[in-house]
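FYI, it's all coordinate maths here, none of it is from the lab. Here the structure is a predicted model, which means the values were calculated and not measured. Using ideal geometry, Cβ is built from the backbone for each residue, glycine included, and neighbour counts are taken over all protein chains shown.
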Amino acid sequence: MNFKEEILKLKQELDVTIVAHFYQKDEVFELADIVGDSLELAKKAIATPAKNILFCGVGFMGESVKVLAPNKRVLMPKIACCAMARMIDVEYYEANLKILNEAGISNEDILPITYINSSAAVKAAVGKMGGYVCTSANAFKIIHKGLESGKKIFFVPDRCLGQNFAKQIGLKSAVIGIDDIEDVKSADIICFNGFCSVHQLFTPADIDFFRAKYPEIIVAVHPECDPAVVDKADFVGSTSQLIKYITEDLDIEQKVVVGTEYNMVNRLREKNTYVLSGTKPECPTMNETTVEDLYNTLLSIKNGQFDNEIFVSDDTVKYARMALERMFEVN
Ligand code: 13P
Ligand code: SF4
């Protein structure tokens, strides 16, 4: 079967918008109506008039759309869970708060911020405490806003994002479970010990290798990379910020090596663009979605079966939405 042709036909027949994150496989990405980073996709997906949103990405992204637009039907060709989002659930979140409480930091002293790469349930737990969601595109602004409260920031689940932005602002960060509890107590930004398994692949030695080979090369990385990598880079940005910088701001003759997911780097430019790793840095969960899955999900809409529909409980919607909307207000 020619899945592409069948998908194009079904798209015309059905009340559906297909959205895809930049990390999706090329053949899926090119069939989407809307593409973008996690923040853009949440905003654009809820603004589309279509009743059905077919989300090609990872689970927390589909959940965010459902939380922001509960009346829409959100379906995912694959309910693939981001490895980082899977590192924290509400129990772990609360267990970390308990560690802080036992160290003398009460919940009233803490303002939680969760990276959008977390479940709706974790976002709701953060929302209940008056906290915010952030993405890599707006983390700097949201952390600044959070600091206005005069409280310590409890940043979950990505320790690297928390450490990198703390450094950028000139503040002290510490990671629960890695750093000494005295360091945690004196930190302005206290981080949960989560990380992205894909962005952990990039090392300072990779940067040294490319700089030795091409002395003029520019190094651009995502802030999910380890602080040791971010420190050595020339540019740090979210997926959309990396795309803008590399495709609009850099001359096409300027060599650039990029530390983020392979599918996105591979379609950035025709030449002078390298991936910052000897190992192909593919996100396994983003890569789970195939055109066949896309076709099957569209067919399920046509047949009224609605495969892989995303459901979020009313209580979770209520509090997760508070945390997401606080982010939009700042942004
Ligand atoms: P963006 O918010 O930049 O789209 O990144 C999401 C992500 O999962 C990066 O690994
Ligand atoms: Fe999650 Fe990392 Fe994949 Fe992004 S690249 S979706 S953070 S596992």
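For this structure, a couple of remarks:
- Spin-label model, Val90 to Phe140: label points 7 Å out along the Cα-to-beta-carbon direction sit 3.5 nm apart.
- One Cα centroid belongs to the range 9-27, the other to the range 90-109; the line between them spans 42 Å.
- Computed [θ] at 222 nm, deg cm²/dmol, the chain (DSSP H ≥ 4; -39,500 (n - 2.57); rounded to nearest 500): -12000 deg cm²/dmol
- Computed from backbone phi, the HN-Hα couplings of the range 242-248 come to 5, 4, 4, 4, 6, 8, 10 Hz, rounded to whole numbers (Karplus: 6.51 cos²θ - 1.76 cosθ + 1.60, θ = phi - 60°; Gly and Pro given as x).
- Ratio of the Cα radius of gyration of the range 116-265 to 2.2 N^0.38 Å, where N counts its residues: 1.11
- Positive-pole candidate from Asn303, Thr279, Ser313, dipole of the range 266-321, charges at beta carbon: Thr279
- Ratio Rg/Rh [Cα only; Rh per Kirkwood] for the range 75-117: 1.14
- Basic side chains Lys and Arg get +1 at the Cβ, acidic Asp and Glu get -1 at the Cβ, and with that the dipole of the range 228-282 about its Cα centre reaches some 160 debye.
- Cross-link reach is defined here as a Cα-Cα straight distance under 13 Å, omitting same-chain residues fewer than 8 places apart; for Lys244 the aspartates and glutamates meeting it are Asp37.
- Restraint check, Lys11/Lys280; Lys172/Lys318; Lys78/Lys280, Cα-Cα greater than 31 Å: Lys11/Lys280; Lys172/Lys318
- Set of aspartates and glutamates near Lys51 by C-alpha distance (under 16 Å), chain-local residues within fewer than 8 positions excluded: Glu13, Asp15, Asp33, Glu63, Asp307, Glu309
- Loop sites in the range 1-78: trypsin sites (Lys or Arg not before Pro), DSSP, at most 13 other Cβ within 10 Å: Lys51
- Highest average first, the peptides 290-298, 144-152 ordered by how many other beta carbon atoms sit within 10 Å of their residues are 290-298, 144-152.
- Cβ-Cβ FRET estimate between Ala228 and Ser313, R0 fixed at 45 Å, reported to 0.05: 0.65
- Computed about the Cα centre, the dipole magnitude for the range 169-214 is approximately 260 debye when only Lys and Arg (+1) and Asp and Glu (-1) carry charge, each at its Cβ.
- Placing a pseudo-label 7 Å from each Cα along the Cα-to-Cβ vector at Leu8 and Ala103 gives an inter-label distance of 5.7 nm.
- The orientation-averaged projection of the convex hull spanning the C-alpha atoms of the range 97-171 amounts to 4.8 square nanometres.
- Volume of the Cα convex hull of the range 213-269, divided per residue and given in Å³: 84 Å³
- Dipole moment magnitude, nearest 20 debye, the range 1-141 about Cα centre, only Lys, Arg, Asp, Glu C-beta charged: 300 debye
- Cα-based reach from Lys185 at 12 Å (exclusive), listing aspartates and glutamates while leaving out same-chain residues under 8 positions away: Glu102, Asp109
- For the chain, the spread of Cα positions along each principal axis, largest first, Å: 61, 54, 29
- Euclidean distance of C-alpha centroids, the range 164-182 and the range 253-279, integer Å: 30 Å
- Per-residue ³J(HN,Hα) for the range 310-327, Karplus 6.51 cos²θ - 1.76 cosθ + 1.60, θ = phi - 60°, Hz, x for Gly and Pro: 8, 10, 9, 5, 4, 5, 5, 4, 4, 7, 5, 5, 4, 5, 5, 5, 4, 5
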